[in-house]
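> To start, I am sharing the structure in question, which I have written as structure tokens.
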Amino acid sequence: MFKIFLSIIKRDFKLSYRQGNTNLNIIVFFFLSISLFPLGVGPENELLSKIGPGIVWVSALFSSVLSLDKIFQADYEDGSLEIINLSVIPLEFFVLAKALSYWLTTGLLLVILSPIFGLILSMSSKGILYLTITMLLGTPTLILIGTIGASLAVSLKRGSLLISLLILPLYIPVLIFGVSAIDASINNVSAKPQLLLLGSLLCFSIVLSPIASAAGLRINME
């Protein structure tokens with residue numbers, strides 16, 4: 001079963017490499033959305049450092065939604081989903097593998113780039129450290145939650161708007177705890193409660209999102 005899990009991830013890596021423009025679009029969007037804020041609010045370092053955590057997190061949130069509508073679409077269109085649904089492989093297992101491969105090709109890039117943007121926004125070294133930690137915990141959760149919306153909109157050609165409407169309200173707790181943890185660390189207050197809550201959300205998402213997403217995919221295959 002583990003070999004099948006790895007083969008799904010390897011296949012998605014190859015597809016992602018061939019469709020390099022999608023990942024590039026996400027990075028460009030992330031870069032532009034953050035870079036434009038200093039131009040809009042002015043180059044005041046103190047102000048930028050205060051609003052920096054929120055800017056990075058909101059940008060990451062919208063960046064993660066950009067190509068979520070395609071996470072299951074190719075498998076749905078070529079009939080792979082039907083085959084997997086009829087095979088011994090649990091559909092929930094397939095969803096988890098797809099979410100992990102999507103995070104490795106998109107979410108991980110956002111985590112790696114976040115310290116650079118923290119510097120651009122004049123955040124302190126402690127703030128940048130906690131920004132990276134919260135992004136590491138939060139981006140997989142965003143993607144796992146996003147698979148639920150993607151599974152419901154898989155039969156639509158342009159389902160990105162519907163996915164956004166479905167999942168953005170579910171993203172709010174992740175956004176709140178992520179920004180709150182960074183603010184707490186900057187103000188020399190323990191960020192442990194927020195980090196534990198982010199970790200808990202990730203654990204719940206790992207368990208519940210594949211179940212909900214698999215149910216959504218089955219509905220679309222009926």
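The values are calculated or read from the model by the stated rules, or taken from the named source; none is laboratory data. Predicted model, so just to flag it, every value in this text is computed and none were measured. Cβ coordinates were reconstructed from backbone atoms using ideal geometry, including for glycine residues, and neighbour counts include every protein chain displayed.
> Could you count how many residues in region 180-206 are modelled with pLDDT under 95 and closer than 13 Å to Leu96 by Cα?
Within region 180-206, residues that are modelled with pLDDT under 95 and closer than 13 Å to Leu96 by Cα number 0.
> Please go through region 116-135 and pick out each residue that is touching a residue at least 40 places away in the same chain (Cβ under 8 Å), over 18 Å from Ala184 (Cβ atoms) and more than 18 Å from the chain's Cα centre (by Cα).
Initially, region 116-135 is screened for residues touching a residue at least 40 places away in the same chain (Cβ under 8 Å), giving 117-118, 120-124, 126-127, 129-131, 133-135.
The next check asks that each one be over 18 Å from Ala184 (Cβ atoms); those that pass are 117, 120, 122.
Passing the criteria: Ile120, Ser122.
> Can you say whether Leu175 is over 21 Å from Glu77 (Cβ atoms) and surrounded by fewer than 17 Cβ atoms within 10 Å (Cβ to Cβ), as far as the supplied structure shows? It would help to see each step written out before you state the result.
Numbers: over 21 Å from Glu77 (Cβ atoms): yes; surrounded by fewer than 17 Cβ atoms within 10 Å (Cβ to Cβ): no.
Answer is no for this residue.
> Here is a follow-up. Do we find that Ser124 is of a type outside the set (Lys, Arg), surrounded by fewer than 23 Cβ atoms within 10 Å (Cβ to Cβ), out of contact with any strand residue (DSSP E or B) (no Cβ under 6 Å at 6 or more places or on another chain) and more than 24 Å from Tyr171 (Cβ to Cβ) in this structure?
Considered against the rule, which asks whether it is of a type outside the set (Lys, Arg), surrounded by fewer than 23 Cβ atoms within 10 Å (Cβ to Cβ), out of contact with any strand residue (DSSP E or B) (no Cβ under 6 Å at 6 or more places or on another chain) and more than 24 Å from Tyr171 (Cβ to Cβ), Ser124 comes out as yes.
> Report every pair of residues separated by at least 6 positions or lying on different chains whose Cβ atoms are under 9 Å apart, first residue within region 32-51 and in contact (Cβ under 8 Å) with a residue 12 or more places away in the chain, second among the aromatic types (Phe, Trp, Tyr).
If the second residue must be among the aromatic types (Phe, Trp, Tyr), the pairs left are Ser33/Phe62; Ile34/Phe117; Ser35/Phe117; Leu48/Phe37; Ile51/Phe37.
> Taking Ala212, is it of a type in the set (A, V, I, L, M), in contact with a Lys or Arg (Cβ under 9 Å, 6 or more places away or on another chain) and assigned to a helix (DSSP H, G or I)? Steps first, please.
Working: of a type in the set (A, V, I, L, M): yes; in contact with a Lys or Arg (Cβ under 9 Å, 6 or more places away or on another chain): no; assigned to a helix (DSSP H, G or I): yes.
Taking the combined requirement at face value, the residue does not satisfy it.
> Could you run through region 76-88 and say how many residues are buried (at least 16 other Cβ atoms within 10 Å of the Cβ), in contact (Cβ under 8 Å) with a residue 12 or more places away in the chain and either in contact with a helix residue (DSSP H, G or I) (Cβ under 6 Å, 6 or more places away or on another chain) or within 30 Å of Ile120 (Cα to Cα) (or both)? Spell out how you get there, then give the answer.
The first filter runs over region 76-88 and keeps only residues buried (at least 16 other Cβ atoms within 10 Å of the Cβ), leaving 76, 81, 84.
Narrowing the set further to residues that are in contact (Cβ under 8 Å) with a residue 12 or more places away in the chain leaves 76, 81.
Checking which are either in contact with a helix residue (DSSP H, G or I) (Cβ under 6 Å, 6 or more places away or on another chain) or within 30 Å of Ile120 (Cα to Cα) (or both) leaves us with 81.
Selection size over region 76-88: 1.
> Would you check if there is a residue in region 41-49 being surrounded by fewer than 12 Cβ atoms within 10 Å (Cβ to Cβ), of a type in the set (Ser, Thr, Tyr) and farther than 24 Å from Thr141 by Cα?
Scanning region 41-49, I find no residue that is surrounded by fewer than 12 Cβ atoms within 10 Å (Cβ to Cβ), of a type in the set (Ser, Thr, Tyr) and farther than 24 Å from Thr141 by Cα, so the answer is no.
> Here's another thing I want to ask about it. Name the one entry in Ser209, Ser185, Ser180, Ser200 that is touching a residue at least 60 places away in the same chain (Cβ under 8 Å) and either under 20 Å from Leu61 (Cα atoms) or crowded, with 22+ Cβ neighbours inside 10 Å (or both).
Values: Ser185 fails: touching a residue at least 60 places away in the same chain (Cβ under 8 Å); Ser180 fails: touching a residue at least 60 places away in the same chain (Cβ under 8 Å); Ser200 fails: touching a residue at least 60 places away in the same chain (Cβ under 8 Å).
Residue meeting the stated conditions: Ser209.
> Just to be sure before I move on: is Leu119 out of contact with any strand residue (DSSP E or B) (no Cβ under 7 Å at 6 or more places or on another chain), at pLDDT below 95 and assigned to a helix (DSSP H, G or I) in the structure I sent?
Numbers: out of contact with any strand residue (DSSP E or B) (no Cβ under 7 Å at 6 or more places or on another chain): yes; at pLDDT below 95: yes; assigned to a helix (DSSP H, G or I): yes.
It is true that Leu119 is out of contact with any strand residue (DSSP E or B) (no Cβ under 7 Å at 6 or more places or on another chain), at pLDDT below 95 and assigned to a helix (DSSP H, G or I).
> Does Leu110 meet the test of being buried (at least 17 other Cβ atoms within 10 Å of the Cβ), among the aliphatic types (A, V, I, L, M) and within 22 Å of Leu208 (Cα to Cα)?
For Leu110, the condition - buried (at least 17 other Cβ atoms within 10 Å of the Cβ), among the aliphatic types (A, V, I, L, M) and within 22 Å of Leu208 (Cα to Cα) - is not met.
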